[in-house]
Amino acid sequence: MSVETSGSSMPLLSLGLNHKSAPLEVRERLVFEGKHMGRALGDLKSRPGVHEAALLSTCNRTEVYTVLADRTSHNTVLHWLAESHCVDPSWVRPYLYIHQDAEMVRHLLRVAPGLDSLVLGEPQIGGQTKAAYTEAMKAGTLGRVLDRLFQHAFAVSKQVRSQTGIGSNPVSVAFAAVSLARQIFGNLGGYTGLLIGAGETIELTARHLHEQGMRQFIVANRSRERARQLADRYNAQAIDLGALPDYLQQADVVVASTASQLPILGKGSVERALRRRKHRPIFMVDIAVPRDIEPEVGNLHDVYLYTVDDLQEVIQDNMRTREDAARQAEEIIELQVERFQEWRRSLESVPVIRRYRDQGLAHRDEVLARARRRLARGEDPEAVMEYLAHTLTNRLLHQPTSRLREASERGRGDLLDHGRFLLGTDDEQT
């Protein structure tokens, strides 16, 4: 069996959708909540033909990484993804991309350093990829191949970010949101920000708003303690989510990014806030998936509502300086894809090497036992050593030389060439 044929018996498959392949309303239907990730992974791993599995689920992508028994298992993964979110496979299929073998390796190596992100080179995806690895490790769904692949992706991501300028300049969804707010309000110094959530994106938003002169903040979160921790950094006010209707009227800039499965701000609450504000405009950015702000809010006068998809143009303007770095990164990734594939192909040799070594050790033990018995009978040690060397050499060389002779008799010059390579005689004149 050839290396390629043998390797294809355990194919790699990634299947998913992201901000480029699916609109927001589709992506939010297929998000995996963190608290359910372990159960989902266990369910996937239990499906026939799935040997290893990992899940990466963020606001901009949901991706499944697997090692399969064979290529007939592809539909198993697709149907599992659809079934896990109670949607029809035919509904989700048009939005999906599929990567196999080297393409899957390339895809993950591009995802980890942010080359496939909505914001080119954004750093958050690196932490999200590590979280996906940790979840799969805890769920027991990683095996030798995926474990090695994710570790390789982390190393390559570090190399890309240290050797190129892909991480230079603050370009992120949070930064894009603040840039858009500046386009609408100009100087942010006299305005009030309402930040809903207390995760990494909200923290970045608070930092960027503060850097742009904003000094008045309200932080709302389901856990008031988490809200207070962030609010204390900027001398801001911390509130519970339930108090939002009472404080919304104070906000000029609202940025929402929570893990809620249902909208937190509805059209009615925003209408009441606008009346109390005498219809002074409110700028809103809903970064969450699923959405935190009802889409109908965008139909209100004096409200500027943007989702992550609406930030595309702003983000494009802010990322041009990273494009040269991205080209350098792609060169690094191409080299590292091949290195991983070399390692993967090397796995095919492991059972062959192990069996050949076992045969050699068996011959050694048998001949050594005979030599010891001859010494015990008082035979000349020099003659016993010569017997040992001669017999062991013949035992080890018999099978390869017999097969080479057979190949020659059959006119199999290709096998003779391979034999020279394997035996290390290909650099000698024959």
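From the list 360, 411, exactly one residue is at positive phi and either in the same structural domain as residue 159 (by TED's automatic domain parsing) or of a type outside the set (Phe, Trp, Tyr) (or both). Which is it?
411 is the lone residue from the list that is at positive phi and either in the same structural domain as residue 159 (by TED's automatic domain parsing) or of a type outside the set (Phe, Trp, Tyr) (or both).
So if I check each of 124, 151, which one is farther than 10 Å from residue 329 by Cβ and modelled with pLDDT under 95?
None of the others qualify; the one that does is 124.
For the stretch 83-112: of the residues being among the small types (Gly, Ala, Ser) and farther than 16 Å from residue 21 by Cα, which is farthest from the chain's Cα centre (by Cα)?
Here the residue is 84.
Results for (1) more than 20 Å from residue 125 (Cβ to Cβ); (2) of a type in the set (D, E, K, R); (3) touching a residue at least 40 places away in the same chain (Cβ under 8 Å), shown as yes or no for each residue.
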position	(1), (2), (3)
44	yes, no, yes
47	yes, yes, no
83	yes, yes, no
86	yes, no, no
97	no, no, yes
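Pick out, from the stretch 36-139, the helices (runs of 4 or more DSSP H) lying fully within it that include 2 or more residues that are more than 28 Å from residue 257 (Cα to Cα).
37-45, 74-84, 89-92, 102-111
Identify, please: which residue in the stretch 142-201 is in contact with a strand residue (DSSP E or B) (Cβ under 7 Å, 6 or more places away or on another chain) and surrounded by fewer than 16 Cβ atoms within 10 Å (Cβ to Cβ) and is, among those, nearest to residue 293 (Cα to Cα)?
184
Given the criterion part of a helix (DSSP H, G or I) and modelled with pLDDT of 95 or more, identify the matching residue among 273, 326.
273
A quick yes/no check of all residues on (1) under 18 Å from residue 365 (Cβ atoms); (2) modelled with pLDDT of 85 or more; (3) of a type in the set (Ser, Thr, Tyr):
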site	(1), (2), (3)
383	no, yes, no
392	yes, yes, no
401	no, no, yes
406	no, no, no
415	no, no, no
420	no, no, no
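Go through the stretch 173-220 and give me each residue that's closer than 14 Å to residue 231 by Cα, touching a residue at least 40 places away in the same chain (Cβ under 8 Å) and in contact with a Gly (Cβ under 6 Å, 6 or more places away or on another chain).
Correct list: 209 only.
Tell me which residues, restricted to the stretch 15-24, are farther than 9 Å from residue 289 by Cα and not hydroxyl-bearing (Ser, Thr, Tyr).
Residues satisfying the conditions are 15, 16, 17, 18, 19, 20, 22, 23.
Taking only the stretch 261-270 into account, find how many residues are hydrophobic (A, V, I, L, M, F, W, C), under 23 Å from residue 180 (Cβ atoms) and part of a loop (DSSP other than H, G, I, E, B).
Qualifying residue count, the stretch 261-270: 1.
Taking the condition over 23 Å from the mean Cα position of the chain (by Cα) and crowded, with 24+ Cβ neighbours inside 10 Å, does residue 205 pass?
yes
Is it the case, given these coordinates, that residue 316 is free of Cβ contacts under 8 Å to residues at least 12 places away in the same chain and not assigned by TED's automatic domain parsing to the domain that holds residue 195?
yes
Let me spell it out: the conditions are (1) of a type in the set (A, V, I, L, M); (2) in contact with a strand residue (DSSP E or B) (Cβ under 7 Å, 6 or more places away or on another chain); (3) surrounded by fewer than 15 Cβ atoms within 10 Å (Cβ to Cβ), and residue 244 meets all of them except one. Which number is the exception?
Of the numbered conditions (1) of a type in the set (A, V, I, L, M); (2) in contact with a strand residue (DSSP E or B) (Cβ under 7 Å, 6 or more places away or on another chain); (3) surrounded by fewer than 15 Cβ atoms within 10 Å (Cβ to Cβ), the odd one out for residue 244 is (3).
The values are calculated or read from the model by the stated rules, or taken from the named source; none is laboratory data. This structure is a prediction, so every number in the text was calculated from the model and none was measured. Glycine gets a Cβ as well: all are built from the backbone with ideal geometry, and neighbour counts include every protein chain shown.
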